[in-house]
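The values are calculated or read from the model by the stated rules, or taken from the named source; none is laboratory data. Because the structure is a prediction, the values reported are computed rather than measured. We place every Cβ from the backbone using ideal geometry, glycine too, and count neighbours over all the protein chains shown. When the accessible area is computed, the model is the full protein with side chains, heavy atoms only, and any ligands, DNA or RNA have been set aside. Shrake-Rupley method; radii C 1.70, N 1.55, O 1.52, S 1.80 Å.
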Amino acid sequence: KLLSFNAKNVQSIHYSYDPYWHRFPDKASEAEIRRFSCDISFIGTGAKERLIYLTKLSSIKNIKMKIFGNNWEKIKIPHWEKCGEVLDNDFRLAMYHSKLSICLLRKSSKDVSTQRTFEIAPCGGCGIYEDTKEHREILDGYPEYGFFSNPNDLLEKCIWLLKSKKAREDMRDKG
């Protein structure tokens, strides 16, 4: 698209991670572990286009789901605890103490991967990623059940993964 505006040279580069920031969290206190522990988490800015996925997960009973990020205050989403922005070690703690971290793309930005693609695993998280060719290339060797193609697929895989600690450990190891 940029070429149509007479750009002379257009290049695409992947997001990346910084091993100083994106690493396992520092030792957590009992209060921090309670604050960040959950079954499913999503870290990202509030956007209505993400609701179709997050609302679908709201149908899972008796689990704890947390959203970390800005701009969720005015967006109604049942059964999710809105926890605000997380930075630095709190960001790492949120990834690490969630059984599953959802990696959602922004269609409005035409994402095929996102910064979270590169952050979940180094922070010790267990990611489940929207299925794209780029995600498959970046996460080469990642288990099939670590990708979802639509809201129903995400729901089914999250239900199964929450029951399978071994599969989640495999995802953490291969992330």
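Phi angles across the stretch 58-63 convert, under the Karplus curve 6.51 cos²θ - 1.76 cosθ + 1.60 with θ = phi - 60°, into 3J(HN,Hα) values of 4, 6, 6, 8, 6, 10 Hz, Gly and Pro given as x. Note on semi-axes √(5λ) of the Cα gyration tensor in Å: of the candidates (i) 26, 19, 18; (ii) 25, 21, 15; (iii) 66, 15, 11, the value calculated from this structure sits at (i). Expressed as a whole percent, the accessible surface of the chain that belongs to carbon and sulfur atoms is 51, based on a 1.4 Å probe.
If we count chymotrypsin sites (Phe, Trp or Tyr not before Pro) as exposed when they sit in a DSSP loop and have at most 13 other beta carbons within 10 Å, what is the longest stretch of the chain that avoids them all?
With chymotrypsin sites (Phe, Trp or Tyr not before Pro) excluded where exposed in loops, the chain gives 21-175 as its longest stretch.
Legend: P(r) of the stretch 92-146 from all alpha carbon pair distances, 5 Å bins from 0, whole percents, reading 4, 21, 31, 24, 15, 5. Here residue 56 is the anchor, and the aspartates and glutamates within straight C-alpha reach of less than 18 Å, apart from those fewer than 8 places off in the same chain, are 39, 81, 130, 131, 153, 156. With N as its number of residues, the stretch 76-170 has a Cα radius of gyration that, divided by 2.2 N^0.38 Å, comes to 1.07.
Projecting the alpha carbon convex hull of the stretch 4-54 along each direction and taking the average yields 7.3 nm². Compactness of the stretch 60-117, taken as the C-alpha radius of gyration over 2.2 N^0.38 Å, stands at 1.22.
Per residue, the accessible area of the stretch 32-129 comes to 44 Å² when a 1.4 Å probe rolls over the protein heavy atoms. Computed from point charges on the beta carbon alone (+1 for Lys and Arg, -1 for Asp and Glu), the dipole magnitude for the chain about its Cα centre is near 480 Debye. The GluC sites (Glu not before Pro) of the stretch 1-100 that meet both conditions, a loop assignment by DSSP and at most 16 other Cβ atoms within 10 Å of the site Cβ, are 73, 85. Working note: 222 nm ellipticity from helices only, DSSP H runs with n ≥ 4, each -39,500 (n - 2.57), summed and divided by the residues of the chain, gives -9000 deg cm²/dmol to the nearest 500.
Here the relative contact order of the chain, from alpha carbon pairs under 8 Å that lie six or more residues apart, stands at 23 percent. Restriction of the trypsin sites (Lys or Arg not before Pro) in the stretch 85-175 to DSSP coil positions whose beta-carbon has at most 15 other beta-carbons within 10 angstrom yields 106, 110.
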